[in-house]
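In what follows, a structure is listed as structure tokens, so that the remarks can point back to it.
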Amino acid sequence: MSYIKNFKVDNLEVFISENRDEMGKLAARDVHDRILELLEEKDAINMVFAAAPSQNEFLASLVSYDDVDWGRINAFHLDEYIGLSIEAPQRFANFLKDRIFGKVGFKSVNYIDGNAQDIEAECRRYSELLKEHPIDIGCIGIGENGHIAFNDPWVADFNDKKLVKVVELDERCRMQQVHDGCFSSLDEVPRYAITLTIPTIMSSQFIYCIVPAKTKAEAVYNTLKGDIVEDCPASILRTHPRAYLYLDMDSAEKII
């Protein structure tokens with residue numbers, strides 16, 4: 001669990017590892033250490049997780065720790081498709097259940113229901129849960145178009161008044177799901193999703209952002225080298241006082 005380069009861009013601390021396995025282990029170690037630190041201070045903490053293949057190594061390493069009192073942690077997730085069948089492996093609830101939510105004994109697991117009869121009511125319900133459980137640790141990724149959660153550039157709002165909202169996904173975001181092997185064609189990818197907004201993500205006390213692969217190199221470059229603008233939603237991470245970005249050599253190829 002090593003890194004070959006470490007630096008800061010504005011407030012955002014960046015770690016570059018040799019490969020995605022080392023990246024995942026390093027991020028997991030740091031999140032593990034933060035969990036133990038926060039559980040020394042609080043009876044319970046709240047964590048939110050991204051669901052994407054980019055998180056596989058991180059999640060596998062995190063659940064391997066046997067000294068975490070998961071029973072004092074409330075779990076949430078960042079986003080969910082609208083309208084996928086309950087059994088669909090592409091549902092983010094199922095992805096996270098398979099990799100972490102179903103592997104350790106959380107105090108609570110709070111799923112976004114993308115099949116709710118009233119989607120706006122579901123957004124309100126999840127918003128209330130997040131108000132009751134302010135996020136201590138956010139574990140997120142960055143999309144090929146620079147999105148965080150499903151806040152694509154054209155719907156991203158650094159000053160969003162909502163905590164959770166419905167968004168229409170742009171084509172590049174939907175194509176990423178094909179590139180990731182989650183769907184076989186663009187037509188299969190849902191057009192709408194429920195997402196935590198950018199202010200909600202940024203309200204996390206600590207943010208750990210895990211971003212491997214060459215397909216993310218452009219987004220990483222824009223995040224770190226461009227202006228802090230909604231055209232690259234992830235650029236806002238540079239303003240967070242306790243945010244950490246984990247890269248492998250592939251995702252970092254345009255900045256080293």
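The values are calculated or read from the model by the stated rules, or taken from the named source; none is laboratory data. Please read all numbers here as calculations on a predicted model, not as lab measurements. Reconstructed Cβ throughout: ideal geometry from the backbone, glycine too, with neighbour counts over all protein chains shown. The accessibility values were calculated without ligands, DNA or RNA, using every heavy atom of the protein model including side chains. Shrake-Rupley method; radii C 1.70, N 1.55, O 1.52, S 1.80 Å.
Just a few scattered comments:
- Scanning segment 148-160 for residues that are in a loop (DSSP other than H, G, I, E, B) and touching a residue at least 24 places away in the same chain (Cβ under 8 Å) gives 149, 150, 152, 153, 156, 157, 158, 159, 160.
- Residues of segment 158-167 satisfying the condition of being open to solvent by 30 Å² or more (accessible area, probe 1.4 Å), in contact with a strand residue (DSSP E or B) (Cβ under 8 Å, 6 or more places away or on another chain) and within 14 Å of residue 203 (Cβ to Cβ): 163
- Against the test of being among the β-branched types (Val, Ile, Thr) and either over 26 Å from residue 87 (Cα atoms) or assigned to a strand (DSSP E or B) (or both), the options 104, 109 yield a single qualifying residue, 109.
- Residue count for segment 1-44, restricted to those that are farther than 21 Å from residue 214 by Cβ, of a type in the set (D, E, K, R) and over 19 Å from the mean Cα position of the chain (by Cα): 7
- Checking 110, 145 one by one, the residue that is in contact (Cβ under 8 Å) with a residue 24 or more places away in the chain, open to solvent by less than 30 Å² (accessible area, probe 1.4 Å) and farther than 17 Å from residue 210 by Cα is 110 and no other.
- Qualifying positions in segment 48-88 - among the aromatic types (Phe, Trp, Tyr) and within 16 Å of the chain's Cα centre (by Cα): 49, 58, 76, 81
- Residues of segment 113-136 satisfying the condition of being of a type in the set (A, V, I, L, M) and either open to solvent by less than 30 Å² (accessible area, probe 1.4 Å) or within 18 Å of residue 47 (Cβ to Cβ) (or both): 116, 129, 130, 135
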